[in-house]
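The values are calculated or read from the model by the stated rules, or taken from the named source; none is laboratory data. Because the structure is a prediction, the values reported are computed rather than measured. Every residue, glycine as well, gets a Cβ built from its backbone with ideal geometry; the counts of neighbours run over all protein chains shown. We work out accessible area using only protein heavy atoms, side chains counted, and drop any ligands, DNA or RNA first. Shrake-Rupley method; radii C 1.70, N 1.55, O 1.52, S 1.80 Å.
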Amino acid sequence: MRRAGGAGDARAAARADMRIVLLGPPGAGKGTQAKLMHERIGAAHISTGDLLRAAVDRRSELGLAAQAYMQRGELVPDPLVIGMIDQRLRQNGADPNFMLDGFPRTVAQAEALQTLLDGRHIPLDHVVSLQVPREELVRRLSGRRVCRQCGTMYHVSSDPPRQPGVCDRCGGQLYQRDDDREETIRARLAVYDTSTAPLAAFYRSRGLLREVDGTGGPAQVLDRIVAQVSPRQ
Ligand code: AP5
Ligand code: MG
């Protein structure tokens, strides 16, 4: 996932402010696409999963509260995640561009996000919903490996590192996320169906939902996203 596609549309997208929510089940490619979009248009990539994993590693109060939920593949309670996002958006300061990856994940979180953005007079521009068949999600998650040092993602068969277990980019050690074991993957997909899938209707009714085919290579998916979020000429 280290090879981004080029697109004239990306330059058009870069000229406009972009506030995007990336929606999609575990393994849909939210993190992969947010990184590629960051390289293309420079918008901040805000991932609640990454923020929570960093809190767990630091053994902060938030991390200690979140850890057991994450290990079971359950959602961390709304108040904890909403407080964390509020703080992260404050750090974004005057920068009007961001991509939210993994947030919101419940209708309560979506309503809280709207309140947070209304309070800052920032409109949300697009909610990109990545569509990927279930068996492909399981294949992607069970083969995912992540660099401990720089966060670059690999897949053991479809995007392997040159040397097994070692990051091509920085030489860091690759690891498998605790929640990428088969049983936890199933639990996460079930949680997505009950708690997060209803957000599609929430955002469709607000005219923000952009459904994007998430199959094919990452560069191809990036092109589809950019085409959806670029300002019409
Ligand atoms: P989080 O880290 O957000 O995990 P997730 O939503 O389950 O999604 P993933 O990160 O697993 O998948 P992704 O869509 O980012 O796919 P990726 O690009 O990595 O959350 C983890 C946990 O934190 C949650 O379970 C919960 O406990 C907690 N949490 C987080 N946010 C929360 C919230 N808002 N509220 C409450 N709790 C929260 O790609 C996956 C694999 O596929 C990789 O190997 C990649 O290389 C490969 N791949 C990507 N794109 C392609 C492609 N086009 N073709 C082939 N392979 C591809
Ligand atoms: Mg992710």
Seminar exercise, completed: For the pair GLU111 and ALA44, the simple spin-label estimate (label points 7 Å beyond Cα toward Cβ) gives in nm 2.6
Problem set entry | Accessible solvent surface per residue of the chain, calculated while the other protein chains remain in place, 1.4 angstrom probe, Å² | 49
Problem set entry | Gain on full stretching of the segment that runs from ALA197 to ARG181 - 0.36 nm per residue minus C-alpha separation | 3.6 nm
Problem set entry | Beta bridges by DSSP in region 113-233, antiparallel share as percent, to the nearest 5 | 60
For this session: Please report how far the C-alpha centroid of region 72-131 lies from that of region 170-190, rounded to the nearest whole angstrom.
Result: 23
Seminar exercise, completed: Quick calc: nm separation of the 7 Å Cα→Cβ label points for ALA54 and GLU74 -> 2.6
For this session: Classify the chain as rounded, prolate or oblate, taking a ≥ b ≥ c as the square roots of the eigenvalues of its Cα gyration tensor: rounded when a/c is under 1.5, otherwise prolate if a/b is larger than b/c and oblate if not.
Result: rounded
Exercise. For the chain, which whole percent of the accessible surface, found with a 1.4 angstrom probe, sits on carbon and sulfur atoms?
Worked result: 49
